[in-house]
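For reference, the structure discussed in these notes is given below.
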Amino acid sequence: MLLAESATAIGGAGTLFGPLLGAATWLYLSDLFQVTFKLGTTWKLILGLVFVLLVVFLRRSIAGGLADLYMLITRGRQPAQTAPASATVPAAQRMGAVTLKQRQSPAGRQSGPILQVKGLSKRYGGLLANKDIDFSVDHGEIRGIIGPNGAGKSTFFKMLTCEVEPTTGAITFEGRDITGMGVVDACQLGLTKSYQINQLFERLTVRQNLQISALAEIRGKFKLDFLKSMNRVPGLTEQVEGTAALVHLTRRLDAPVSELAYGEKRRLEIGLALASSPSLLLLDEPLAGMSHEERVETVALLKSIAQGRTLVVIDHDMDSLFELVERITVLQEGSLLVEGTPEEIKSNAKVQEAYLGGVYEEMA
Ligand SMILES: Nc1ncnc2c1ncn2[C@@H]1O[C@H](COP(=O)(O)OP(=O)(O)OP(=O)(O)O)[C@@H](O)[C@H]1O
Ligand SMILES: [Mg+2]
């Protein structure tokens with residue numbers, strides 16, 4: 001047990017070969033100190049000191065140190081990648097001319113509802129986060145969801161993607177009952193969401209993040225091919241580079257996520273969801289925390305992404321949402337309050353009273 005922990009700490013957690021490297025180093029040094037140097041009982045003390053030095057000086061362990069060294073060498077040979085993506089990506093590409101692999105819906109299901117929800121509720125102890133929601137989205141629609149903080153919007157999305165099991169109710173996606181199916185299976189079927197709070201692998205590059213997501217779709221749930229080079233997975237490079245182009249991150253593909261600006265991280269979050277080729281994409285507050293310019297650019301990006309897909313978008317920025325979507329669903333205290341076009345929602349008395357606080361009264 002101690003050897004396993006030491007080996008992981010020395011070799012590198014979160015890597016395939018790190019613990020093996022750590023175990024080999026540990027065993028080699030213990031043999032060296034005991035057999036070759038004949039240190040007697042003090043070998044443990046010396047090995048302990050070496051362990052401390054390795055941890056202090058190689059913060060990311062041996063595997064991490066080797067990876068850093070590789071990055072340093074290869075980066076020295078590459079041109080700097082600091083220019084903002086929007087300044088360098090061709091305009092046609094920025095407007096969504098990039099074509100990404102898209103799922104083929106089952107024949108005959110291109111029109112009508114892609115998703116239907118009946119009587120969906122979620123109870124957390126004494127709190128009803130969602131109450132008896134009926135909801136439907138058509139193929140190719142862009143739907144907005146608004147509601148005050150705590151209205152149950154994110155909980156609703158989590159149930160739709162099968163991340164959280166509903167207390168009651170049923171979810172039908174492309175004619176199939178997916179209630180209680182599990183998030184991995186739902187994603188495999190083409191139902192994916194981007195998160196309200198970024199869920200990125202900070203130490204990995206943009207490319208590696210996108211590869212992980214794209215592989216989830218290309219490889220399926222489980223395959224015994226973990227030693228296969230990623231370069232040899234058919235279609236992976238095209239899928240990753242196509243996705244990066246769609247979210248304007250082509251020039252940042254080999255940058256570690258920790259070096260990205262916040263707006264770029266939000267775009268990568270959308271990219272992770274897109275890389276699994278969803279036919280229905282749920283976006284939880286994609287504009288959160290962005291500057292005005294970034295919001296304008298991201299709304300244009302979402303419009304380009306929407307071509308050939310169905311989108312459901314939660315956001316608190318109503319001006320941007322009203323510009324983007326065709327219909328809006330309003331949630332309040334876990335229940336569906338009203339649905340309608342942006343114009344209908346702006347002029348709806350219940351919405352003004354419950355949510356907008358009269359902000360849009362003059363526009364009605
Ligand atoms: N895992 C959980 N356990 C207990 N309560 C939860 C859990 N997740 C959400 N809730 C509660 O459910 C209610 C709805 O939360 P939810 O995150 O869905 O709201 P939201 O509309 O997305 O809010 P926001 O606009 O702030 O993101 C809140 O009262 C929240 O505290
Ligand atoms: Mg939320």
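Among the residues of segment 31-77, those that are within 43 Å of the chain's Cα centre (by Cα) and small (Gly, Ala, Ser) comprise Gly48, Ser61, Ala63, Gly64, Gly65, Ala67, Gly76.
Table: residues versus (1) touching a Leu at 6+ places or on another chain (Cβ under 9 Å); (2) among the hydrophobic types (A, V, I, L, M, F, W, C); (3) under 30 Å from Lys350 (Cα atoms).
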{"site": "Ile142", "(1), (2), (3)": "yes, yes, yes"}
{"site": "Ile145", "(1), (2), (3)": "yes, yes, yes"}
{"site": "Lys158", "(1), (2), (3)": "no, no, yes"}
{"site": "Ile171", "(1), (2), (3)": "yes, yes, yes"}
{"site": "Glu174", "(1), (2), (3)": "yes, no, no"}
{"site": "Gly180", "(1), (2), (3)": "no, no, no"}
{"site": "Gly190", "(1), (2), (3)": "yes, no, no"}
{"site": "Gln196", "(1), (2), (3)": "no, no, yes"}
{"site": "Thr205", "(1), (2), (3)": "yes, no, no"}
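Please verify whether segment 273-286 includes one or more residues that are farther than 22 Å from Val206 by Cα and surrounded by fewer than 20 Cβ atoms within 10 Å (Cβ to Cβ). Looking for residues that are farther than 22 Å from Val206 by Cα and surrounded by fewer than 20 Cβ atoms within 10 Å (Cβ to Cβ), one finds none in segment 273-286, hence no.
Taking only segment 240-269 into account, find how many residues are among the hydrophobic types (A, V, I, L, M, F, W, C) and out of contact with any Ser or Thr (no Cβ under 8 Å at 6 or more places or on another chain). Total satisfying the criteria: 7.
Do we have Phe173 as under 19 Å from Ser277 (Cα atoms), away from ligand 1 (no atom under 16 Å from the Cβ), at pLDDT 95 or above and assigned by TED's automatic domain parsing to the domain that holds Glu353 here? When the stated conditions are applied, Phe173 passes them.
Under 28 Å from Gly152 (Cα atoms), under 16 Å from the mean Cα position of the chain (by Cα) and in the same structural domain as Leu215 (by TED's automatic domain parsing), is that true of Ile328? When the stated conditions are applied, Ile328 does not pass them.
Looking for whichever is more than 16 Å from ligand 2 (Cβ to nearest atom) and farther than 17 Å from Val312 by Cβ here; the options are Val183, Val206. Which one fits? Break it down into steps so the answer makes sense when it comes.
Working: Val183 fails: farther than 17 Å from Val312 by Cβ.
The conditions single out Val206.
Checking the structure you have, find out if any residue of segment 323-333 is surrounded by fewer than 22 Cβ atoms within 10 Å (Cβ to Cβ) and either of a type in the set (S, T, N, Q) or at pLDDT below 90 (or both). Taking every residue of segment 323-333 in turn, at least one turns out to be surrounded by fewer than 22 Cβ atoms within 10 Å (Cβ to Cβ) and either of a type in the set (S, T, N, Q) or at pLDDT below 90 (or both). Quick check on Thr25: is it surrounded by 12 or more Cβ atoms within 10 Å (Cβ to Cβ) and among the β-branched types (Val, Ile, Thr)? When the stated conditions are applied, Thr25 passes them. If you go through segment 11-40 and pick out every residue that is among the β-branched types (Val, Ile, Thr) and in a loop (DSSP other than H, G, I, E, B), you end up with 1. Restricting segment 287-322 to residues that are away from ligand 2 (no atom under 13 Å from the Cβ) and under 16 Å from Lys346 (Cα atoms), the residue that is surrounded by the fewest Cβ atoms within 10 Å (Cβ to Cβ) is Asp319.
The values are calculated or read from the model by the stated rules, or taken from the named source; none is laboratory data. This structure is a prediction, so every number in the text was calculated from the model and none was measured. Glycine also receives a Cβ, built like all others from the backbone with ideal geometry; neighbour counts cover every protein chain displayed.
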